[in-house]
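**Student:** Mind looking over this structure? Questions follow.
The values are calculated or read from the model by the stated rules, or taken from the named source; none is laboratory data. None of these values were measured; they are calculated from a predicted model. Positions of Cβ are generated from backbone atoms using ideal geometry, with glycine treated the same way; all protein chains shown enter the neighbour counts.
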C-alpha cells in the first residue's frame, strides 16, 4: 500500500476544479440554507441551467462562450424567480420538496430525445448526448504553458495538474474566493441581518416592518445565481455538458460540503469542499490499493469501491455531526442555543 | 389626555365611541370552519392610553391581534389605523405604519446577539437594500445612530449587560423585555402586546409593568392582552373584554371587572341561555352550572382574578 499515492490523489482532488465547483454550489446553498434557512434541495437545478445555458448557446446557436456565460447566469435568476413566487410562501419542508422536484424535472427535460440535433460534423448532440467543444475560447486565454507538479523533489506526496486543468481550477477557485468575499460583505450588512433574522423567525421579522418575502426572494436569486455560476464553470472545465452531472446526489454532496465546513460561516463551503473531495478521492484510492486480496474483492473492485466510498464518507459526516456538529469552521455556541 | 378624563367622557359600553380613536374597527369577523373566532361589531381604541384586552381562553384576543396586524386575514370587516384603512394589509406594512406587535410566545432571534435584535427593529435602514448592503460607507453613519438608540433602550430595559450575548442565552423574562424594547426600535405609535407578562418571574413583572406604563408618556398607545386581573387593573386606563369572539364589555378597570357579563364569561354562567340544556358536565363544581361542554371557556387561572373584582 502506497500512502503517498493515496494522499497525492486526495490532495489533487482537494485543490482540483471539481472541489472548486462544489465549493460554488455550497456557497449558494450557504446563502439559502445557512443564512436564510431556505432548505433548497434542488441546488443542482441552478447548476444545470448554468451549464446548459453555456451548452445551448455555444453548441446549438453557435454564439460566443461569453454569451453562454451570461445566458447561464441569467437562467439562474429566472429559475429562482420561477421557483420563488409560488413556493416561498410555503413552510420549510414543502419548499424542499418543490426544489428537489424542480431540479429533477429540469434534468429529465434536458436529457429528453426531443432535443437531439446533429452537429456540422454530423454527430448527434443534445438530449442524452449532451454538448461538447464548448470552452475553446476559454482555453485560448490559458496563460499556463506547462503542467504543475506539486511535491516532487520534497518527498511524499506528489500530484500534478495538466496546464488546461490548472487554468480552469485557478479561475474557479478565484471565483470561489471572490464570491465568498461578496457573500461575507452582504451578510455583515443590515441586509444580512434581516436575512439571518428570517432564518430564526420570519414572523418576528414581519412584525418589525420588513418584507420577509422579498428578502427570501433576493436570497434565493443570489444563492441560485452562485449555483449557476458553478454550472457555468463546470461546463467550461469539462468543455462539455451532460445530464449525468446533475443527478440529485450532487445537491447532497454540496450539502455534505456545507455541513463539513460549517453552515453560515465565511470559508466553510470552500474548506468543506476541499475536505470532502480529499476524503472522497482518498478513500477511493485507498480501496483501489487494498484490491489485492487484503479485503474481500466485492468491496474493493471497481464496482464496489464507489459504494464503499460513499458509505465511508457518510460515516465521516455522521461522526462529524456527533463530535463537531457546528462543522469545521462553525461556532459551537450557536448550536447550543435553542428557540 | 389623562386617563381620568377618558374615563369620565366615555360611556362604559361595548363599542362606545372615543374622542380620539387611533384604531377603529368595523364589523370584523373571522371564522375557522364553524367556529366564530372573532366577531367584533365596533371597537375604538383611544389614542395615548393603555387599553387592556381581557377575556377567557379562546375568546379571540390573539386572533383579533393577528387580524389587526395582518398576520391573519379577516372574512369580512374593515379597520383603520390613524385614519388610514389597513384592512387586509400585510404584516410588514402594518408595522411600517406604526402598529407594532409582540407575540404571546416570545420571538427573540436566538442566534443574533441582543444588540443585533435591537438593530433589526430600526426602520428605513439604508443598508437593508441589496445593492447598498456591500457598500459599508453608505450605511455606517446610520448604523452608528441606530446603535446609540438601541443602547439607550437596552439601558432602560436593563439589558445593557447582555448587549453582546446571543439572544438565545436570555431568560424568558429577559426575552419579553428584549421583544418589547425591539418593538420600540420601530418607533411605533401603537404597541400591541400579546400577554407581555406570561411566564415572567414575579421579580421582573414590576419592571415590565413600569415599562408598559411609561409608553404613553413617550407618545405611544398601548393595547395589551393579559389574564392576570391584578395586572390589568394596575396599569390599564381602559379595559375591553372579549368572549366568544365578541366585545361584551368595556370601561374603566373597576367597572369591567365587576360587570356581571364579564364574570359570566369567565365563570361560564349560562342561566339565561336557552340553548344550553345539556346536563352539567361534571367537574365544574357548584361554581359553574351547565356549561354544555364548553370547558375551555372556564379558565381556572382567571377565576381568582375575576372574583377579586
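**Student:** Could you tell me whether any residue of the range A:151-172 is out of contact with any helix residue (DSSP H, G or I) (no Cβ under 7 Å at 6 or more places or on another chain) and within 14 Å of another protein chain (Cβ to nearest Cβ)?
**Tutor:** no
**Student:** Could you look through the range B:156-173, keep only residues that are outside any loop (DSSP other than H, G, I, E, B) and more than 10 Å from every other protein chain (Cβ to nearest Cβ), and pick out the one that is nearest to residue B:210 (Cα to Cα)?
**Tutor:** Applying the filter and picking the extreme gives B:156.
**Student:** Could you check residue A:215 against (1) more than 8 Å from every other protein chain (Cβ to nearest Cβ); (2) surrounded by fewer than 21 Cβ atoms within 10 Å (Cβ to Cβ); (3) more than 18 Å from the chain's Cα centre (by Cα) and say which number it fails?
**Tutor:** The number of the failed condition is (2).
**Student:** Here is a further query. Given the conditions (1) out of contact with any strand residue (DSSP E or B) (no Cβ under 9 Å at 6 or more places or on another chain); (2) assigned to a helix (DSSP H, G or I); (3) in contact (Cβ under 8 Å) with a residue 60 or more places away in the chain, report the number of the one that residue A:89 does not fulfil.
**Tutor:** Result: residue A:89 passes all but (2).
**Student:** Among the listed residues A:185, A:134, identify the single one that is within 14 Å of chain B (Cβ to nearest Cβ) and either in contact with a strand residue (DSSP E or B) (Cβ under 8 Å, 6 or more places away or on another chain) or free of Cβ contacts under 8 Å to residues at least 12 places away in the same chain (or both).
**Tutor:** None of the others qualify; the one that does is A:185.
**Student:** Scan the range B:142-152 for residues that are surrounded by fewer than 20 Cβ atoms within 10 Å (Cβ to Cβ) and more than 10 Å from every other protein chain (Cβ to nearest Cβ) and jot them down.
**Tutor:** Residues satisfying the conditions are B:144, B:145, B:147, B:148, B:149, B:151, B:152.
**Student:** Here are A:221, A:171, A:183, A:176: which of them is crowded, with 24+ Cβ neighbours inside 10 Å and under 22 Å from the mean Cα position of the chain (by Cα)?
**Tutor:** The conditions single out A:176.
**Student:** So, in the range A:27-44, of the ones that are under 15 Å from the mean Cα position of the chain (by Cα) and assigned to a loop (DSSP other than H, G, I, E, B), which residue ends up surrounded by the most Cβ atoms within 10 Å (Cβ to Cβ)?
**Tutor:** Restricting to residues being under 15 Å from the mean Cα position of the chain (by Cα) and assigned to a loop (DSSP other than H, G, I, E, B), the top hit is A:40.
**Student:** Condition (residue is in contact with a helix residue (DSSP H, G or I) (Cβ under 7 Å, 6 or more places away or on another chain) and more than 27 Å from residue B:182 (Cβ to Cβ)) applied to the range B:8-26: is it met by at least one residue?
**Tutor:** yes
**Student:** Right, next: For the range B:117-141, what are the residues that are in contact (Cβ under 8 Å) with a residue 12 or more places away in the chain, under 20 Å from residue A:201 (Cα atoms) and either assigned to a loop (DSSP other than H, G, I, E, B) or within 7 Å of chain A (Cβ to nearest Cβ) (or both)?
**Tutor:** Within the range B:117-141, B:119, B:120, B:121, B:122, B:123, B:125 qualify.
**Student:** Right, another one. State which residue is farthest from the chain's Cα centre (by Cα) when the search covers only the range A:188-203 and only residues that are surrounded by 21 or more Cβ atoms within 10 Å (Cβ to Cβ) and more than 9 Å from chain B (Cβ to nearest Cβ).
**Tutor:** A:198
**Student:** May I pose another question? Any residue at all in the range A:246-259 that's loosely packed, with under 14 Cβ neighbours inside 10 Å and without any contact (Cβ under 8 Å) to a residue 40 or more places away in the chain?
**Tutor:** Checked the range A:246-259: at least one residue is loosely packed, with under 14 Cβ neighbours inside 10 Å and without any contact (Cβ under 8 Å) to a residue 40 or more places away in the chain.
**Student:** Same structure, new question: Quick check on residue A:58: is it touching a strand residue (DSSP E or B) at 6+ places or on another chain (Cβ under 9 Å) and surrounded by 22 or more Cβ atoms within 10 Å (Cβ to Cβ)?
**Tutor:** Yes: the conditions hold for residue A:58.
**Student:** Hey, another quick one. Looking at this structure, is residue B:151 assigned to a helix (DSSP H, G or I) and outside the structural domain of residue B:15 (by TED's automatic domain parsing)?
**Tutor:** Yes; evaluated as a whole, the condition is true for this residue.
**Student:** Here is a further query. Criterion first (over 12 Å from the mean Cα position of the chain (by Cα), under 30 Å from residue A:194 (Cβ atoms), in a helix (DSSP H, G or I) and within 14 Å of chain B (Cβ to nearest Cβ)) does residue A:260 satisfy it?
**Tutor:** It is false that residue A:260 is over 12 Å from the mean Cα position of the chain (by Cα), under 30 Å from residue A:194 (Cβ atoms), in a helix (DSSP H, G or I) and within 14 Å of chain B (Cβ to nearest Cβ).
**Student:** While we're here: Being without any contact (Cβ under 8 Å) to a residue 60 or more places away in the chain and more than 18 Å from the chain's Cα centre (by Cα): is that true of residue A:121 here?
**Tutor:** Criteria met by residue A:121.
**Student:** Right, something else. If you scan the range A:291-335, which residues turn out to be at pLDDT below 80, assigned to a helix (DSSP H, G or I) and under 30 Å from residue A:267 (Cα atoms)?
**Tutor:** Those that are at pLDDT below 80, assigned to a helix (DSSP H, G or I) and under 30 Å from residue A:267 (Cα atoms): A:332, A:333, A:334, A:335.
**Student:** Do we have any residue at all in the range A:269-290 that's touching a helix residue (DSSP H, G or I) at 6+ places or on another chain (Cβ under 9 Å), touching a residue at least 24 places away in the same chain (Cβ under 8 Å) and in a loop (DSSP other than H, G, I, E, B)?
**Tutor:** Within the range A:269-290 (the criterion being touching a helix residue (DSSP H, G or I) at 6+ places or on another chain (Cβ under 9 Å), touching a residue at least 24 places away in the same chain (Cβ under 8 Å) and in a loop (DSSP other than H, G, I, E, B)), the answer is yes, since at least one residue qualifies.
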